[in-house]
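Working notes, beginning with the structure itself.
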Amino acid sequence: MTIKKPSDIPSSEITPKSTYLTRRKFIAGAAAAGAALAGGFYLRDHLDTATTVHAEGQKLSGIVKSKLSTSETPTSFKDITNYNNYYEFSTDKYEPNGLSKNFRTRPWTVAIDGMVKKPKKLDIDAIMKLAPLEERIYRHRCVEGWSMVIPWVGFPLSALIKAADPLPSAKFVAFQTVLAPDQMPNQKRSGVLDWPYVEGLRMDEAMHPLAIMAVGLYDEVLPNVDGAPLRLVVPWKYGFKGIKAIVKISFTDSMPPTTWNKMAPDEYGFYSNVNPQKDHPRWSQASERRIGEFRKRPTLMFNGYADQVASLYSGMDLQKNY
Ligand code: MTE
């Protein structure tokens, strides 16, 4: 990203740190249980018991395997949760896990607005029931040149879009991360990023079956550091499109602004599809270092999802700054 040049990213930095998440099991307080019941949604459906709250480490149940998963070996839980980009907490890779430990993910609502039949607010526990939870094991390629394989738990973004009921004239969908400077230390600092973090997709990209909203990984509630309680995953694009901790989804007929494009328009395009033939202005995108591996491996067009998604971009010049 703009803060670090490739020469500033020593290979030692992508060596995982061995700090496991503290697995915490929370017993529901009366307020949380009451709120869930008042919404008419029983936590029981996706959890082991009806008396637990969604929190890091909580097991999710009823997860369906997906044919869209890769058979590649997933990166370890330890590495997925200890080598992160979450600039609201820190620009360091290893700090966000610890700093996000107490981030509050309940109560949580997502506002739906813009070009929709009716603006509304959806509760996260209702969102988690829009569709069966699926395991989607996806390759994850960061624009910085590292990659992982992540066993996400989530559901198709298209299910959420259907529930949002956009107008046929909506052409793009925009996402916004929570503004919570009391909990996210870098949102109080100037000169990091323009807050809140925002991202966007063209509507046909958003409706593609590979695009998901993640609410978990490794069969557990999504760790805070990976974007709990709700995070976008678009596996054929660079990782920065996967916006975390979403509180707003807006529909529009014009291309929405995106955080990294605003920061450095010559370096990060709106589309940002993984493309080994299109180098970043400051480094090559031809290869990547899979976390946990020593040798670099070639980066694949559309991160290996070309068969499924290339048709979305027919007629576009992929060598341009897309
Ligand atoms: N979303 C928010 N809100 N803030 C961020 O800093 N970083 C992005 C993306 N989503 C980021 C974000 C980047 S650069 C990457 S590579 C991925 O999250 C990293 O996701 P991970 O930490 O789960 O691997």
The range 230-322 - accessible surface per residue (Å², probe 1.4 Å): 44 Å²
Taking the range 247-318 and dividing mean pair separation by its residue count, relative contact order in percent (alpha carbons under 8 Å, at least six apart): 21 percent
Diffusion constant of the range 200-271 at 10 °C, which comes from Stokes-Einstein with the Kirkwood Cα-pair radius and 1.306 mPa s, µm²/s: 120 µm²/s
Nonlocal amide H pairs with Val143, under 5 Å, H built at 1.01 Å: Gly239, Phe240
List Arg136, Arg282, Arg289, ordered by accessible area with a 1.4 Å probe, largest first: Arg282, Arg289, Arg136
Accessible-area order (highest first, 1.4 angstrom probe) of the listed residues Ser76, Ser314: Ser314, Ser76
Set of aspartates and glutamates with alpha-carbon distance to Lys101 below 19 Å, sequence-local pairs under 8 removed: Glu56, Asp79, Glu88, Asp92, Asp182, Asp219, Glu220, Asp226
Efficiency of FRET between Lys162 and Lys121 - r from beta-carbon atoms, R0 25 angstrom, step 0.05: 0.90
Nearest-10 value in Å² for the accessible area of Tyr271, using the 1.4 Å probe: 20 Å²
Cα centre as origin, Lys/Arg/Asp/Glu Cβ charges: the range 217-322 dipole, Debye: 260 debye
Residues with amide H under 5 Å from that of Leu60, placed H, sequence gap 5 or more: Glu220, Val221
Accessible-area value, Met301, 1.4 Å probe, nucleic acids and ligands omitted, Å²: 50 Å²
Residue-by-residue Karplus 3J(HN,Hα) for the range 201-217, coefficients 6.51, -1.76, 1.60, Hz, glycine and proline x: 9, 6, 4, 5, 5, 5, 7, 5, x, 6, 7, 10, 9, 9, 10, x, 8
Phi-based couplings in Hz for the range 264-275 (Karplus 6.51, -1.76, 1.60; Gly and Pro marked x): 8, x, 7, 10, 9, x, 5, 6, 6, 6, 4, 8
Under-5 Å amide H pairs with His280, H placed in peptide plane, nonlocal only: Gln285
Whole-Hz couplings from phi, Karplus 6.51/-1.76/1.60, listed for the range 310-317; x for Gly and Pro: 4, 5, 5, 10, 4, x, 9, 7
Accessible surface, per residue, of the range 54-201 when the full set of protein chains is kept, probe 1.4 Å, Å²: 38 Å²
Carbon and sulfur %, accessible surface of the range 229-287 computed with the full protein complex present, 1.4 Å: 49 percent
Radius, Kirkwood style, for the range 141-221 when every pair of distinct Cα atoms is counted (Å): 15.3 Å
Long pairs among Lys65/Lys241; Lys120/Lys244; Lys65/Lys244; Lys188/Lys320; Lys248/Lys296; Lys118/Lys278, criterion Cα-Cα beyond 30 Å: Lys188/Lys320; Lys248/Lys296; Lys118/Lys278
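The values are calculated or read from the model by the stated rules, or taken from the named source; none is laboratory data. What you see is a predicted model; the values in this text were computed from it and never measured. Note: ideal-geometry Cβ built from the backbone for every residue, glycine included; neighbour counts use all protein chains shown. Note: accessible area is taken over every heavy atom of the protein model, side chains too, but ligands, DNA and RNA are not part of it. Shrake-Rupley method; radii C 1.70, N 1.55, O 1.52, S 1.80 Å.
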